[in-house]
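Okay, structure first, notes after.
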Amino acid sequence: YEEVRKRGIRISIGFSNEEGIQVDKHSTSYGYHIVGAFQTYSHIIALHTSSNYVLHKIQTPDHFLVNTPNNFFSIHKSNKYIVWRYIDKPNNDYVLYSIVHEGSCIGYVVLKDDLMRTHVIDIITDHNAVDEMKEIIIAINNVVLDRGKRLAIYSILDNVYWRSIFKSTLAFRKQLQRKKYYLTAKKHDLKEIDERELFDVNNWRCFVGDIL
């Protein structure tokens, strides 16, 4: 980790399953803190609902996103990252949509279908206010219905932010697949970052696309 500190990297994060968490809990050398667990929320969709946001299917990111400051720790996801992570991934079956609000692209959504469901793999936007995200969720569910599915699956790092959103949109909780995943974090900057903020799950925003 000395090289990491020399490069000016302030924190490292990782994603662990139950087996990995047992290592993190009992290892004194790794120094990773367990921040929180991923949870799956499911929407049963019957009808289209009006939203201030719409989604447009695209082949590749076509707008430069300006990452404005917000109150969340998260992975920085540039257009280059989206292409590397989702578009150029071998044998990928991801579908990319732009999120449009008042005529402007304000982010992207990554979806993946299985036989019965659509999985929401990633939501990349700076429109993070609870009311804004509720509207984005409605727009996503409309597209899921357009894709011939009636079940939308959202797998996220669970916290107060997401619980407030999904409670209002009538989603129900279920276990994330057969394995449970966790976010872990390690602090390298000993002065500038408050550990209480870094290790508080409510300060983070992560999606299943960050893991799989």
Q: Could you rank the peptides 199-212, 37-50 by their average count of other C-beta atoms within 10 Å per residue, with the highest value first?
A: 199-212, 37-50
Q.
Ignoring solvent entirely, what values of log10 I(q)/I(0) come out of the Debye formula for the stretch 101-212 at 0.13, 0.24 Å⁻¹ when each Cα is a single scatterer?
A. -0.57, -1.58
Q) Count of lysine pairs in the stretch 92-212 with Cα atoms under 22 Å apart, counting only pairs 8 or more residues apart in sequence or on different chains? A) 11
Q. What accessible area, in Å² to the nearest ten, does a 1.4 Å probe give for His33?
A. 80
Q | Range of Cα positions in the stretch 53-127 per principal axis (Å), largest first | A | 37, 24, 22
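The values are calculated or read from the model by the stated rules, or taken from the named source; none is laboratory data. In this text, all values refer to a predicted model and were calculated from it rather than measured experimentally. All Cβ positions, even for glycine, are placed from backbone atoms using ideal geometry, and neighbour counts span all protein chains on display. The area values use the complete protein model at the heavy-atom level, side chains included, leaving out ligands, DNA and RNA. Shrake-Rupley method; radii C 1.70, N 1.55, O 1.52, S 1.80 Å.
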